[in-house]
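Since the structure comes first, as structure tokens, the remarks are kept for the end.
The values are calculated or read from the model by the stated rules, or taken from the named source; none is laboratory data. All figures in this text were calculated on a predicted structure; none of them were measured in a lab. All Cβ positions, glycine included, derive from the backbone under ideal geometry; neighbour counts span all protein chains shown. Each accessible area value is taken on the protein alone, full model and side chains, heavy atoms only, with ligands, DNA and RNA left out. Shrake-Rupley method; radii C 1.70, N 1.55, O 1.52, S 1.80 Å.
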Amino acid sequence: MGVEMEIETAGAPQRAARQGEEGPPGGKRHDLDVTGMHCAACAAAVERRLRKVPGVESANVNFATSRATVAAAGVGREDLVAAVREAGYDVAVPAPTAEESLAGALETVAGVAPETAAAARERERYRSLLARLAFALPAAVVSMLASMPLMHGAAMAGDAGAGGDGGLGRADLFLRLVAPLDEVSMRALPWLYELPHGALRWFLLVLTVAVMAWPGASFYRGAWRGLRHGILDMDTLVAVGTGAAFLYSAVATGAPGVFTGAGLAADVYFEAVVWILALVLLGRVLEARAVGRASQAISRLLALGARSARVLRDGREVEVPAGEIRPGDRMVVRPGEKVPTDGVVDEGASLVDESMLTGEPVPVAKAPGDPVVGATLNTSGALVVRATRVGRETVLAQIVRAVERAQGEKAPVQRLADRISAVFVPVVIALAVVAFAAWMLLGPEPRLLYALVAFVTVLIIACPCALGLATPTAIMVGTGKGAENGILLRGGEALETARRVTTVVFDKTGTLTRGRPAVVATIPVSGGDPAELLAAAAAAERRSEHPLAGAVLAAAEEAGIAAAATEEFEAVPGRGVRARLEGRDVAVGTAAWLAERGADPEPLASEAERLAGEGATPVWVARDGRLLGLLGIADPVREEAAGVVARLRRMGLEVLLLTGDRRGTAEAVAAAVGIERVVAEVLPGDKAAEVARLQAGGAVVAMVGDGINDAPALARADLGIALSTGTDVAVEAADLTILMAHGSGDLGRVADAIDLSRATVRIIYGNLGGAFVYNVIGIPIAAGLLYPLFGVLLSPVFASLAMALSSVTVVTNSLRLKRWRPSRR
């Protein structure tokens, strides 16, 4: 058996189904790809407007993914699109669902990596930004060279004759640093210094207008759009800052008498405007590239699918696009090829690599009747596979959908960042005005120039983008990394909750144990043959439908013993079975029943008692009234269970076993895996009550289960963890699904999920802390804090570089999660 799962999620409104599916009671979930957002303030504005639409129960706008997720009752998509447009933004054409993206990917030309519609839009945006940057950066260099004669001497001397700034050149850190460039420029381009200053200023004005008109146009359009809708965002800061510097410089160029008449130098700051726009564009290019890397998980998953399949039609192999496969089609899968879609092996035997879904590196043996999963790799023999699930029903499509939803949802910690971002820009503008006023009232001459520089620098250095990207980028990388390692999270809330877990509660059957009865002991009477004992039991059980019969037959098959045909068969409910084999009477069942048939169980009574104490069921075997021996049948403990429990305890977590099984069996399993606390013989409702009791005591509880009887406890726990081999009900009730396959180590993903959560939340808090510290330190410095101490002002050019780098730093820090690896220590 390979991976067996169903991960279609349901639950609270924020986890509602994809666009067009049922969401909250009586309503639906709508996914909108919002265009035109540039920072967290934009996302907050769209979110506020969507929540005002009558019938909307919840709205979540993710800046990093540009995705709005709305749960609403009685509201059409058109109403939501209109609300987004009323907020000053737009909505892209309806995004294809995960399975539609997958189907499109399967039909693309071989060798071309598939991508989602959102990824394609992001790629186009990146190309557009790159083209604008390719114009702005050379223009910035030219503007700096053309400004050198105007700034000549100001960087070193700061005298009024050189720059007419009465000391600003000496204070401007940027001018100090470009002084060496000034000397080089004089020697390399002496003719430039011979040109009239008036001509240079007009040239700089024209060049600046060109940069503002194309590379910088989006900032001004965004600011105007925001102003019309009462929104202040990152575009507002850039537009106001560069606009103020440009207007000052334009007046100084066209009507210098306005300044000279007031005793001020008619200085220009065109180069600052161009450099600010170029550096902000550079930051957005780097940010778009980094965010694209953070959101690669879905594209990588889509790329896993096979592009075509060889389908048997009228006895011939016909190659068809994978998107045209239908249930029931028989597909030929050769060694080295991917399985085109989910199915069941009809013919052949092979080893199939399922690591792309489960992370398990050991290939799984497949034979007729075994299920296979689409996109897994056939490594050895040829197979004929009958398709059972295609399109949106396949495991891969469901994983893509689960990851897509998880990346679009917010973690609780992001709410704080959203609240801060919502008021961030107005506060920054207010601080810039205060800085301007302070320099006008208290600053040295020329006060207006000092005030203007402080005003522009404060506006430019502030970065709400870093706050807006801090959480979603980490969640995008974290959920994608989890999917790569067989851990599917419903969203950011589950990812953050996992970090806070203090107690892990395990179900027993199918969770800590394999969930399938197996023969764990074969004990013949003194001098007896174990093979003879097993052969007699298998023959008697051959026609039985009892669950334990399957365990006996499997043990015989594993030992190479064929179950012989019997002449007679009788099943006695609650007692056992009787069969006639080669003229001899064979009985398999309870000790009391065999005693009634003349077999004395006393010689193995102590062994039976020992097996019962270890959680196994004793099954007695007799032939012609003579005891042959005893079989111990139990649900075997997973090989990795003890190591997982030990690892959880090393992580500082309390581990508890909660089961409806009898206490003796539960305690035997608990002892085998190292669990000290056991709650046994509980009904399904009592499981949920026990979880609630733990929570009332202050514990943050993670419940791990796989059965229908676990569903109430999974839903009640702070973090419900379902095994994909379990029932659909259990998976639906959980916050997190662990992909399970044949092989050891699967259960270890419970600990991996908590470890990944801790790593992700550390990154999130590091991002938020870094963004907060950057703004707290950067804004006062931009306002002029260093001037009274060191006589230095921060240039707007440096401010724009710092602002750009802050966003890139946050995203790059999130990308560190790509290096996370599951630990088995």
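Just a few scattered comments:
- Restricted to helices (runs of 4 or more DSSP H) entirely inside the range 426-529, those with at least 2 residues that are among the polar types (S, T, N, Q) and buried (at least 19 other Cβ atoms within 10 Å of the Cβ) are 464-484.
- Among the residues examined, PHE436 does not qualify as in contact with a strand residue (DSSP E or B) (Cβ under 6 Å, 6 or more places away or on another chain) and either farther than 30 Å from VAL637 by Cα or not aliphatic (A, V, I, L, M) (or both).
- Qualifying position, being of a type in the set (A, V, I, L, M, F, W, C), in a helix (DSSP H, G or I) and over 18 Å from the mean Cα position of the chain (by Cα), among ILE779, ILE764: ILE779
- Residue match in the range 694-704 (condition: touching a residue at least 40 places away in the same chain (Cβ under 8 Å), closer than 12 Å to LYS508 by Cβ and open to solvent by 50 Å² or more (accessible area, probe 1.4 Å)): no
- One residue from GLY88, GLY104, GLY76 being surrounded by 15 or more Cβ atoms within 10 Å (Cβ to Cβ) and modelled with pLDDT of 80 or more: GLY88
- Long-range neighbours under 9 Å by Cβ, at least six apart or interchain, first residue without any contact (Cβ under 8 Å) to a residue 24 or more places away in the chain within the range 753-779, second open to solvent by 40 Å² or more (accessible area, probe 1.4 Å) and assigned to a helix (DSSP H, G or I): ARG762/ARG499
- Evaluated against (1) surrounded by fewer than 15 Cβ atoms within 10 Å (Cβ to Cβ); (2) of a type in the set (A, V, I, L, M, F, W, C); (3) touching a residue at least 40 places away in the same chain (Cβ under 8 Å), ALA539 falls short on exactly one condition, (1).
- All positions within the range 596-624 that are of a type outside the set (Asp, Glu) and part of a helix (DSSP H, G or I): PRO603, LEU604, ALA605, SER606, ALA608, ARG610, LEU611, ALA612, GLY613
- Residue check for LEU648: of a type in the set (A, V, I, L, M), out of contact with any helix residue (DSSP H, G or I) (no Cβ under 9 Å at 6 or more places or on another chain), at pLDDT 90 or above and not in a strand (DSSP E or B): no
- Remark: ALA518 matches the filter, which requires a residue to be under 30 Å from PRO712 (Cα atoms), at pLDDT 85 or above, touching a helix residue (DSSP H, G or I) at 6+ places or on another chain (Cβ under 9 Å) and not aromatic (Phe, Trp, Tyr).
- Selected residue (only one of THR725, THR760 is open to solvent by 10 Å² or more (accessible area, probe 1.4 Å) and either at pLDDT 90 or above or out of contact with any strand residue (DSSP E or B) (no Cβ under 7 Å at 6 or more places or on another chain) (or both)): THR725
- Residues of the range 372-419 satisfying the condition of being modelled with pLDDT of 85 or more, charged (D, E, K, R) and buried (at least 23 other Cβ atoms within 10 Å of the Cβ): none
- Checked against (1) under 19 Å from THR617 (Cβ atoms); (2) in contact with a helix residue (DSSP H, G or I) (Cβ under 9 Å, 6 or more places away or on another chain), ALA562 passes all but condition (1).
- Test: LEU627 is part of a strand (DSSP E or B), touching a residue at least 60 places away in the same chain (Cβ under 8 Å) and closer than 18 Å to LEU553 by Cβ: no
- Selection of the range 668-689 for residues being over 32 Å from the mean Cα position of the chain (by Cα), buried (at least 19 other Cβ atoms within 10 Å of the Cβ) and not aliphatic (A, V, I, L, M) yields an empty set.
- Out of PHE203, PHE246, PHE219, sole residue that is touching a residue at least 24 places away in the same chain (Cβ under 8 Å) and in contact with an Asp or Glu (Cβ under 8 Å, 6 or more places away or on another chain): PHE219
- Residues in the range 218-257 that are touching a helix residue (DSSP H, G or I) at 6+ places or on another chain (Cβ under 9 Å), surrounded by fewer than 20 Cβ atoms within 10 Å (Cβ to Cβ), over 24 Å from ALA466 (Cβ atoms) and of a type in the set (A, V, I, L, M): ALA250, VAL251.
- Unmet criterion (only one of (1) at pLDDT 85 or above; (2) closer than 24 Å to ARG516 by Cα; (3) open to solvent by less than 30 Å² (accessible area, probe 1.4 Å)) for LEU719: (2)
- Every residue from the range 550-561 that is without any contact (Cβ under 8 Å) to a residue 12 or more places away in the chain and part of a loop (DSSP other than H, G, I, E, B): GLY560
- Pick from the range 625-640, criterion of a type in the set (A, V, I, L, M) and at pLDDT below 90, ranking: surrounded by the fewest Cβ atoms within 10 Å (Cβ to Cβ): VAL637
- When residues of the range 200-217 are limited to those that are open to solvent by less than 60 Å² (accessible area, probe 1.4 Å) and outside any helix (DSSP H, G or I), the one nearest to THR242 (Cα to Cα): GLY216
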